[in-house]
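The values are calculated or read from the model by the stated rules, or taken from the named source; none is laboratory data. Because the structure is predicted, anything quoted here is derived from the model rather than measured. Because the Cβ atoms are built from the backbone with ideal geometry, glycine has one as well, and the counts that use them run over all protein chains shown.
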Amino acid sequence: MTQDGPERPANLPHAPTLEEVADLAGVSRSTASRAINGGLKVSPEAQAAVDAAVAELGYTPNRAARTLVTRRTDSIALVVPEPDEKVLNDPYFAGTLQGLSAALAETEIQLILLIARRGDEAHRTTRYLRNGHVDGAVIVSHHRDDALESVLAQSRLPCVFVGRPWTTPRPVQYVDVNNYLGGRRATEHLIATGCRRIATIAGPLDMAAGVDRLAGWRQALQDAHLSDTAMVRGDFTAASGAAATEQLLAAHPDVDGLFAASDLMASGALGVLARHGRRVPQDVRVIGFDDLGVAASTNPPLTTMANPVVEMSRVAGELLLEQIARRATSVEPRIFSAEVVVRESA
């Protein structure tokens, strides 16, 4: 025991303090704190001196204290209102993480994954988001009844949706691919290759992507004066694509073209077509949507619509950072184009 308190164990390294950083930099403690916590009202010379002192001493800011001062957590949430198994098995979510990580690469902001399941757990997620645990949120794969859109629109939490939201009390920023045009172009491609009885495996109709891709398919067929009755819904999984294809073949055995609203559903369809002796592309041409890795590995390789998920998620992350820093000037959506990637299936 010393007059200053218990002796520090000899093997425990000394943790540099903010006061030591200020002394080494030759600035006041408050200036050092401002320089470390964002550089507000700090001259370039003082900022450089503090940065050098931090590096020399190996100083690590007290994040809890910093949060009290700045009201910032240095973390954002990626909110996914889907079951665990879907998040783990769908390459869409891996692409989303890749894009967000790229947006955060030059920052110290941490990314927190929130799987917002339906029911009571969804309410816990919205409470978590509204209670100041994160500085902002990116929301993907949302459904009409998630309540996330209205909750976040009414809150002050910065947020960006990947995918067109449903109606909200006030505009919220989002990035998206033009799903309507993608569905239309996919169907037009099948028509151009000679298909006349074109079916679709639509996505969930409580998701904007499912509704918009279906509308594009239907409009292309109506413009070509072809039937738009061969439709079965799936949930963007391979299993749902397989089940939907069984239903389509039973109800519409003359199908010669198939637009699946996701590559996973198209991959499930390919297996069913093969079991029924329907050759692809000789008997049935198939086109999917996403081009996130699955399409190139199917048999045969899948013609699909490129969905720039990585780029969209990177832009969503950058837009969120602008909101957090209060540099955002617009809530206008950022819309990306979907282009046909031609492979053997069509």
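Observations on the model:
- One residue alone among ASP146, ASP120, ASP84 is under 19 Å from the mean Cα position of the chain (by Cα), surrounded by fewer than 18 Cβ atoms within 10 Å (Cβ to Cβ) and modelled with pLDDT under 85, and that residue is ASP84.
- Selected residue [without any contact (Cβ under 8 Å) to a residue 40 or more places away in the chain, in contact with a strand residue (DSSP E or B) (Cβ under 7 Å, 6 or more places away or on another chain) and assigned to a helix (DSSP H, G or I)] from LEU221, LEU273: LEU221
- Candidate set: the range 97-117, residues that are assigned to a loop (DSSP other than H, G, I, E, B) and buried (at least 16 other Cβ atoms within 10 Å of the Cβ); chosen: the one modelled with the lowest pLDDT: ALA116
One line per residue, one yes/no per condition, for (1) part of a helix (DSSP H, G or I); (2) touching a residue at least 24 places away in the same chain (Cβ under 8 Å); (3) crowded, with 16+ Cβ neighbours inside 10 Å; (4) touching a Cys at 6+ places or on another chain (Cβ under 9 Å):
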site	(1), (2), (3), (4)
ASP254	no, yes, no, no
PHE259	no, yes, yes, no
ASP283	no, yes, no, no
GLY288	no, yes, yes, no
LEU292	no, yes, yes, no
THR304	no, yes, yes, no
GLU318	yes, yes, yes, no
